[in-house]
Amino acid sequence: MSGLIAALRSLVFYVLFYGGSALLVIASVVAVTVRRGWLRGIVGRWGRWHLWCVQHLLGIEVVLDGELPQGPVLIAVKHEAFFEAIDTPRLFTHPAVFAKQELFRIPGWGYSALVYGLIPVARGDGAKTLRQMLALAKQRVAEGRPLVIFPEGTRVPHGSRPPLQAGFAGLYKLLRLPVVPIAVDSGRLYHRPVKRPGRITYKVGDTIPAGLPREEVEARVHAAINMLNG
C-alpha cells in the first residue's frame, strides 16, 4: 500500500510541479521581452514552488546543516538529482550556476537562463570556450553574485564518489575565490521515477581558502561533498 501511495504522490507531483514550471517558463520569456527585472523574481518563485511541491506532495523534509554562503564565492555542490539544481535559486541570492551547454538549447528556457546569468559549460571545446566561460564567471563575481558549480560534472548515484572533473581545479585557480563545499543526499529519495518520502539534508562544509595546490583543494572538496554518502 505504501508503494501505491508513493506512486500516486509522485504522479501528482509531476503534474503540478511541471505544469507550474511550464507557466513560469512562459512568464520568464515574457519578462525577458517586457521587463528583465522581473526575471530574477520568477526564477526564485520556481525554486520556492518546487520546494512546496517536494514538501507537501512528496512528503520530503529538507534540512540545512550549516550556514549558507552568499556573495562572490565558489560553491561546490554534490550532484545526485535534479533536486539541488532546481533548489539553487531558492538557497542562494541570485546565484550564477555553471550549467551544461545542452540545457541552453531548450526553447524559451535557454535564452531566459542566459539573461538570468547562468554560465554555459561546453565540455571539450578547447581553450577559447574556457576563456569565454571564465570571462562570464568574472563578470558575475564583479556583480557580487555567488558562483555555483557541480564539480562531478553530472548527476551521480547516491553512495558513489567519482573524481572531480578537471575543469573545477582550473576555475578555482583562475578565479582565485574561496570554495564552500556542500554535500546533499537527494539521490536516495528524489532520483527515481517514484520518489520516496523522507529527509534530504544539505551539509555545508568548512570554507576552503583560495590559492591551494590542485591536489589539496580537490581532496578537500571531494571529501566534503561526500560527507553524506553513507
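So, of the residues in segment 184-207 that are under 16 Å from Ile149 (Cβ atoms) and either among the charged types (D, E, K, R) or part of a loop (DSSP other than H, G, I, E, B) (or both), which turns out to be most open to solvent (accessible area, probe 1.4 Å)?
Initially, segment 184-207 is screened for residues under 16 Å from Ile149 (Cβ atoms), giving 184, 202, 204-205, 207.
Of the ones still in play, those that are also either among the charged types (D, E, K, R) or part of a loop (DSSP other than H, G, I, E, B) (or both) are 205, 207.
Values: Gly205: 14, Thr207: 83 Å².
Top of the filtered list is Thr207.
Condition first: among the basic types (Lys, Arg) and surrounded by 11 or more Cβ atoms within 10 Å (Cβ to Cβ). Now tell me which residues in segment 1-49 satisfy that.
Start the filter on segment 1-49 by keeping residues that are among the basic types (Lys, Arg), which leaves 9, 35-36, 40, 45, 48.
Across segment 1-49, the qualifying residues are Arg9, Arg36, Arg40, Arg45, Arg48.
Can you say whether Gly167 is at positive phi and either in contact with an Asp or Glu (Cβ under 9 Å, 6 or more places away or on another chain) or of a type outside the set (D, E, K, R) (or both), as far as the supplied structure shows?
no
Taking segment 91-110 as the region of interest, how many residues are touching a residue at least 24 places away in the same chain (Cβ under 8 Å), under 23 Å from Leu130 (Cβ atoms) and aromatic (Phe, Trp, Tyr)?
1
Scan segment 78-92 for residues that are touching a helix residue (DSSP H, G or I) at 6+ places or on another chain (Cβ under 9 Å) and open to solvent by 10 Å² or more (accessible area, probe 1.4 Å) and jot them down.
Of everything in segment 78-92, those that are touching a helix residue (DSSP H, G or I) at 6+ places or on another chain (Cβ under 9 Å) and open to solvent by 10 Å² or more (accessible area, probe 1.4 Å) turn out to be His79, Phe82, Pro89, Arg90, Leu91.
Among (1) under 14 Å from Leu74 (Cβ atoms); (2) not in a loop (DSSP other than H, G, I, E, B), where does Ala210 come up short?
(2)
Scanning segment 1-55 for residues that are assigned to a helix (DSSP H, G or I) and among the charged types (D, E, K, R), which turns out farthest from the chain's Cα centre (by Cα)?
Arg9
Please give the number of the condition Val156 fails out of (1) open to solvent by 20 Å² or more (accessible area, probe 1.4 Å); (2) within 21 Å of Ala224 (Cα to Cα); (3) modelled with pLDDT under 95.
Going through the list (1) open to solvent by 20 Å² or more (accessible area, probe 1.4 Å); (2) within 21 Å of Ala224 (Cα to Cα); (3) modelled with pLDDT under 95, Val156 breaks only (1).
The values are calculated or read from the model by the stated rules, or taken from the named source; none is laboratory data. Every value quoted in this text rests on a predicted model; they were computed, and no experiment measured them. Cβ sites come from the backbone with ideal geometry, for glycine too, and all protein chains shown count toward neighbours. With ligands, DNA and RNA removed, areas are computed over all heavy atoms of the protein, side chains included. Shrake-Rupley method; radii C 1.70, N 1.55, O 1.52, S 1.80 Å.
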